[in-house]
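Participant: The structure is given below, and queries will be raised subsequently.
The values are calculated or read from the model by the stated rules, or taken from the named source; none is laboratory data. For clarity, every value in this text was computed on a predicted model and none was experimentally measured. Here the Cβ positions follow ideal geometry from the backbone for every residue, glycine too, while neighbour counts run over all protein chains shown. Please note that ligands, DNA and RNA were not included when accessible areas were found on the heavy atoms of the full protein model with its side chains. Shrake-Rupley method; radii C 1.70, N 1.55, O 1.52, S 1.80 Å.
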Amino acid sequence: MSAESASQRGPAVGRGARMRVAVLAATITELTETGYAALTVDAVARRAGVHRTTIHRNWKTSDRLVADALTHHFATDIPIPDTGAVKDDLRALAWSLVAALTTHAGRALLATALSDAARTPDLAETKRVLFEDRFRRAEPPVVTRAVERGELPAGTDPGELLKAMVAPVCFRLVFTGEPVDETTADRAVHVALAAAQTRALSAP
């Protein structure tokens with residue numbers, strides 16, 4: 001290895017867990033700064049301070065690397081609130097969503113999920129897990145408790161309620177580029193609850 005090529009890499013990070021964390025963090029940064037289409041293993045390796053063969057040996061393909069990086073970055077489950085009121089439960093969920101998706105990494109996640117890359121098996125599965133499974137964990141507890149307390153009509157579809165809440169946030173992030181904040185989240189909760197009260201979100 002030449003002195004020049006060595007100097008282009010960051011500090012050596014060794015092997016094992018420390019190496020993995022450095023590579024995944026570098027991948028998120030590359031996604032944020034250059035996007036999926038321009039991401040290269042060489043760039044990730046330089047930023048992480050490892051050799052490109054280390055990445056190929058551990059991840060095989062760039063899609064697996066990106067999928068692992070996104071999953072690792074968003075590994076913390078969206079907490080399932082239990083405030084005693086469905087409005088506050090949904091507000092907590094909506095605020096968590098806004099906080100996650102308005103970071104640089106969150107926008108990189110959205111851009112990757114909406115690109116052609118998301119059709120590849122590794123990234124398609126990652127999108128499913130990150131966008132579906134995590135919120136679905138909140139569906140039965142939040143909505144079932146609300147129905148039992150009489151806050152929502154019996155038969156309210158948990159999935160439809162959460163989709164109605166998430167839709168205004170994602171519409172702004174993806175299509176209009178308008179600012180998204182806690183006020184946006186609160187309005188989305190209000191719209192979702194209003195629709196549920198009219199039984200527009202009842203299970204078929």
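Participant: Is it the case that A196 is within 17 Å of A100 (Cα to Cα), open to solvent by less than 30 Å² (accessible area, probe 1.4 Å) and at pLDDT 95 or above? So that I can check it myself, show each step before the final result.
Facilitator: Values: within 17 Å of A100 (Cα to Cα): no; open to solvent by less than 30 Å² (accessible area, probe 1.4 Å): yes; at pLDDT 95 or above: yes.
In short, no.
Participant: Hey, can you tell me all the residues within segment 114-126 that are surrounded by 16 or more Cβ atoms within 10 Å (Cβ to Cβ) and charged (D, E, K, R)?
Facilitator: D122
Participant: For segment 30-46, state whether one or more residues are open to solvent by 20 Å² or more (accessible area, probe 1.4 Å), over 23 Å from the mean Cα position of the chain (by Cα) and basic (K, R).
Facilitator: Looking through segment 30-46, at least one residue is open to solvent by 20 Å² or more (accessible area, probe 1.4 Å), over 23 Å from the mean Cα position of the chain (by Cα) and basic (K, R).
Participant: Yes or no: G106 farther than 16 Å from L70 by Cα and either modelled with pLDDT of 85 or more or assigned to a loop (DSSP other than H, G, I, E, B) (or both)? Outline the logic, then answer.
Facilitator: Details: farther than 16 Å from L70 by Cα: no; either modelled with pLDDT of 85 or more or assigned to a loop (DSSP other than H, G, I, E, B) (or both): yes.
Here the answer is no, as G106 does not meet what is asked.
Participant: Pairs needed: first member in segment 123-144, under 24 Å from T61 (Cα atoms); second member anywhere, charged (D, E, K, R) and assigned to a helix (DSSP H, G or I); C-beta distance under 6 Å; at least 6 residues apart or different chains.
Facilitator: From segment 123-144, the pairs are L123/D63.
Participant: Based on what the data block shows, is K87 over 26 Å from L24 (Cα atoms), open to solvent by 10 Å² or more (accessible area, probe 1.4 Å), modelled with pLDDT under 95 and among the basic types (K, R)? Write out each step before concluding.
Facilitator: Details: over 26 Å from L24 (Cα atoms): yes; open to solvent by 10 Å² or more (accessible area, probe 1.4 Å): yes; modelled with pLDDT under 95: no; among the basic types (K, R): yes.
For K87, the condition - over 26 Å from L24 (Cα atoms), open to solvent by 10 Å² or more (accessible area, probe 1.4 Å), modelled with pLDDT under 95 and among the basic types (K, R) - is not met.
Participant: Report yes if V189 is of a type outside the set (F, W, Y), touching a Leu at 6+ places or on another chain (Cβ under 8 Å) and assigned to a loop (DSSP other than H, G, I, E, B), otherwise no. Don't jump to the end; show me each part of the working.
Facilitator: Values: of a type outside the set (F, W, Y): yes; touching a Leu at 6+ places or on another chain (Cβ under 8 Å): yes; assigned to a loop (DSSP other than H, G, I, E, B): no.
Criteria not met by V189.
Participant: Quickly run through segment 146-183 and pick out the residues that are open to solvent by 60 Å² or more (accessible area, probe 1.4 Å) and in contact (Cβ under 8 Å) with a residue 40 or more places away in the chain.
Facilitator: Within segment 146-183, R149, E160, D181, E182 qualify.
Participant: Can you pull out the residues in segment 127-140 that are open to solvent by 40 Å² or more (accessible area, probe 1.4 Å) and in a helix (DSSP H, G or I)? Full working, then the answer.
Facilitator: Residues of segment 127-140 open to solvent by 40 Å² or more (accessible area, probe 1.4 Å): 127-128, 131-133, 136-137, 140.
Scanning segment 127-140 gives K127, R128, F131, E132, D133, R136, P140.
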